[in-house]
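Written below as structure tokens is the structure these notes are about.
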Amino acid sequence: MKLDFTDHALNVQRERAISDTWIYTAIENPDERFVEDDGTIHYIKQINDFGGRFLRVVVNPISGKIVTVFFDRRIRKLK
């Protein structure tokens, strides 16, 4: 799957040193995936190479763009 990044997503990816590999792994093989009321798709993936923290990747399926990426501190474990 080829996705484009918004400027915001590129900036936070660079600032937080989030690798492309982690992002595409989250999208292609998420631990959890759900659709929000606004239509965005949220992909959650535990990244063992980053202390087991959970990466959240938010995608707008209409534009085909990654909106934002971040390590979600609110998630301690998945159901």
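The values are calculated or read from the model by the stated rules, or taken from the named source; none is laboratory data. Just so it is clear, the model here is predicted, and its values are computed rather than measured. Quick reminder, even Gly has a Cβ in these numbers, built from the backbone with ideal geometry, and neighbours come from all protein chains shown. The area values use the complete protein model at the heavy-atom level, side chains included, leaving out ligands, DNA and RNA. Shrake-Rupley method; radii C 1.70, N 1.55, O 1.52, S 1.80 Å.
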**Message:** Exactly one condition in (1) closer than 19 Å to ASP4 by Cα; (2) under 13 Å from the mean Cα position of the chain (by Cα) is false for ILE62; which is it?
**Reply:** (2)
**Message:** Just the residues that are among the charged types (D, E, K, R) and not in a strand (DSSP E or B), please, taken from segment 54-79.
**Reply:** ASP72, ARG73, ARG74, ARG76, LYS77, LYS79
**Complete:** Restricting segment 35-53 to residues that are open to solvent by less than 80 Å² (accessible area, probe 1.4 Å), outside any loop (DSSP other than H, G, I, E, B) and at pLDDT 95 or above, the one farthest from LEU78 (Cα to Cα) turns out to be ILE41
**Item:** Members of segment 1-45 that are among the aliphatic types (A, V, I, L, M) and under 12 Å from VAL58 (Cα atoms)
**Value:** LEU3, ALA9, ILE23, ALA26, ILE27, VAL35, ILE41, ILE44
**Fill in**
Within segment 56-69, the residues that are out of contact with any Phe, Trp or Tyr (no Cβ under 6 Å at 6 or more places or on another chain), of a type in the set (A, V, I, L, M, F, W, C) and surrounded by 16 or more Cβ atoms within 10 Å (Cβ to Cβ) are VAL58, VAL59, VAL67, VAL69
**Message:** Just checking, does segment 18-30 include any residue being in a loop (DSSP other than H, G, I, E, B), in contact with a helix residue (DSSP H, G or I) (Cβ under 9 Å, 6 or more places away or on another chain) and open to solvent by 20 Å² or more (accessible area, probe 1.4 Å)?
**Reply:** yes
